Amino acid sequence: MRHFIDTSEYDRATLEHILTHALAHRGVRSQALARRAVALIFFDSSLRTRTSFAVGIAQLGGTCVTLEVGRGAWNLEYLEGVVMDGDKPEHVADAARVLSRYFDVLAIRCFPSLKRADEDHADPVIEAFRRYATVPVINLESALYHPCQAMADMLTIRERFGRTDGLRVALAWTPHVKALPTAVPNSFALAATQLGCRLTIVAPPGFLLPDKVMARLPGVDVIHDQAVLADQDVVYAKSWTSLEDYGASPPACYRDWILTPEKLGRARFLHCLPVRRNVEVTDAVLESIQNDAYDEAEHRLHVQKSILLHCLNII
Ligand SMILES: CC(=O)N[C@@H](CCCN)C(=O)O
Ligand SMILES: NC(=O)OP(=O)(O)O
């Protein structure tokens, strides 16, 4: 079964095939998903993911139903063997099997708790759906991975530069008012290296990615000095939680890690959005011609149509 949970479950040729299809079919309307139905299951908020999936499915002639877990749909337990006497009336073990009888694809968003790193790093909710679903599962951002975002990121780089191989790409930590997940930086780092980019992680001490991700990034430099950003082709700005003080708001002493035009130099700017203006990145960066984040958001629509077709063995 072709799930799409983490890009590193696929080889480079498959990822390239999806990107090539997405670039060639951008804007194309078809009936490729006629008579197919996709469940969009949200445990957490979204602007881009829910809308771009709904529109993309419609452009392919398919149907989607959006469920908000705990708000209109039952709240779902996902841990094995628990006595369900709390606030969660249904288990993923049952919900995933039932929804698989109605839908051709189950797509799930569930962020980490940011309380216990060991539990988050096991990615329990998406793994529960993988275990019990009998149709393909697409990850709309789990505790550890956001593969659809990473594919849109790589499509943006490929469109801008005509290639991904050999480009100098920095994953640049930014300040934030609260701790954020590592899913976006994890998947960006993995996909960028899979597609031949020369990746540098630029972050304060203690802000590494989880061990199970770093283990798949051999040879990637981690640098604690933003001076290297100006030498890059692409700067990918993102805040994420410290591993040493897991789930704690970033300390005020790192507020000057905000990305400015001076630090960006001539690099192209990417961000998954949403962005906290003048906390993570200045208005001047976002209003500059170097900002490719809106193309990046558009590319979610194009690449997700190709991911759906891949998961259903249509391409
Ligand atoms: C602000 C916030 O909660 N960001 C989330 C979502 C990012 C895009 N889906 C994060 O950092 O993972
Ligand atoms: N980038 C992204 O996934 O956006 P949403 O959280 O708005 O879906």
* Could you please let me know if residue 30 is among the hydroxyl-bearing types (Ser, Thr, Tyr), more than 16 Å from ligand 1 (Cβ to nearest atom) and outside any helix (DSSP H, G or I)? => yes
* Structure fact -> Of 150, 143, 107, the only residue that is touching a Cys at 6+ places or on another chain (Cβ under 8 Å), within 16 Å of ligand 2 (Cβ to nearest atom) and at pLDDT 95 or above is 143
* To do: Restricting attention to the stretch 33-50, report how many residues are within 16 Å of ligand 1 (Cβ to nearest atom) and over 28 Å from residue 197 (Cβ atoms).
  => 7
* Structure fact -> Condition set part of a loop (DSSP other than H, G, I, E, B) and among the hydrophobic types (A, V, I, L, M, F, W, C), scope the stretch 56-96, selection surrounded by the fewest Cβ atoms within 10 Å (Cβ to Cβ): answer is 83
* Between residues in the stretch 135-154 that are hydroxyl-bearing (Ser, Thr, Tyr) and residues that are part of a loop (DSSP other than H, G, I, E, B) and more than 14 Å from ligand 2 (Cβ to nearest atom), which pairs lie under 7 Å by C-beta distance while being six or more apart or on different chains? -> 142/123; 145/5; 145/6
* Structure fact -> residue 53 meets each of (1) within 16 Å of ligand 1 (Cβ to nearest atom); (2) open to solvent by less than 30 Å² (accessible area, probe 1.4 Å); (3) part of a loop (DSSP other than H, G, I, E, B); (4) not hydroxyl-bearing (Ser, Thr, Tyr) with one exception, condition (3)
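Report whether or not residue 308 is surrounded by fewer than 23 Cβ atoms within 10 Å (Cβ to Cβ) and either modelled with pLDDT of 95 or more or away from ligand 1 (no atom under 15 Å from the Cβ) (or both).
no
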* Structure fact -> Checking 194, 232 in turn, the sole residue that is buried (at least 17 other Cβ atoms within 10 Å of the Cβ), under 24 Å from residue 275 (Cβ atoms) and either at pLDDT 95 or above or not aliphatic (A, V, I, L, M) (or both) turns out to be 232
* Asked: What about residue 142, is it open to solvent by less than 20 Å² (accessible area, probe 1.4 Å), within 14 Å of ligand 1 (Cβ to nearest atom) and small (Gly, Ala, Ser)?
  -> yes
* To do: Check 208, 243 and return the single one that is in contact with a strand residue (DSSP E or B) (Cβ under 9 Å, 6 or more places away or on another chain), more than 13 Å from residue 169 (Cα to Cα), open to solvent by 20 Å² or more (accessible area, probe 1.4 Å) and touching a residue at least 24 places away in the same chain (Cβ under 8 Å).
  => 208
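The values are calculated or read from the model by the stated rules, or taken from the named source; none is laboratory data. Since we're looking at a predicted model, the values are computed, not measured. Neighbour counts are summed over all protein chains in view; Cβ atoms, including those assigned to glycine, are modelled from backbone coordinates with ideal geometry. Accessible surface areas use protein heavy atoms only, side chains included; no ligands, DNA or RNA. Shrake-Rupley method; radii C 1.70, N 1.55, O 1.52, S 1.80 Å.
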